[in-house]
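To start, the structure under review is shown below, and the notes come after it.
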């Protein structure tokens, strides 16, 4: 049975680094929107179309994920999944096609996240988004940490 792994955490929490390790360990396909977004649109965080573009990429990657899960291959979605409602939606959709789901939560405190975002912004590449610190502060306030129940793997039963 294939498993959907949701990488949960804020930017600079280590999600993509961990996802790259897991893709090898679990024989999984890793889908990371930033790999696509910066390549296609550059560092467009201040562009009014940024969120729309990012959403379209996530939608396309999700379609790939569903098909791949249905073929029996593990998927790692490296989307961040900041809201519980969003995590529940993806897990329920995976269950509908017979896949398990697990959350991989990267829990990093505010001070460390801000330190990492400063380092990130000094070392941008075509796979890494620029993140203004003021935006990061808002995201930190918005983020909903998963509770103990969410962190339990879910079988398709």
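The values are calculated or read from the model by the stated rules, or taken from the named source; none is laboratory data. Just so it is clear, the model here is predicted, and its values are computed rather than measured. Cβ placement follows ideal geometry from the backbone for every residue including glycine, while neighbour counts extend to all protein chains displayed.
The set of residues from region 87-111 being closer than 21 Å to residue 155 by Cβ and in contact with a strand residue (DSSP E or B) (Cβ under 8 Å, 6 or more places away or on another chain) comprises 87, 90, 91, 94, 95, 99, 100, 101, 102, 103, 104, 105. If you go through region 115-127, how many residues are surrounded by 15 or more Cβ atoms within 10 Å (Cβ to Cβ) and without any contact (Cβ under 8 Å) to a residue 40 or more places away in the chain? Counting residues in region 115-127 that are surrounded by 15 or more Cβ atoms within 10 Å (Cβ to Cβ) and without any contact (Cβ under 8 Å) to a residue 40 or more places away in the chain gives 1.
Quick grid of which residues meet (1) within 25 Å of residue 150 (Cβ to Cβ); (2) at pLDDT below 95:
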| residue | (1), (2) |
| --- | --- |
| 35 | no, yes |
| 39 | no, yes |
| 47 | no, yes |
| 56 | no, no |
| 66 | yes, no |
| 69 | yes, no |
| 78 | yes, no |
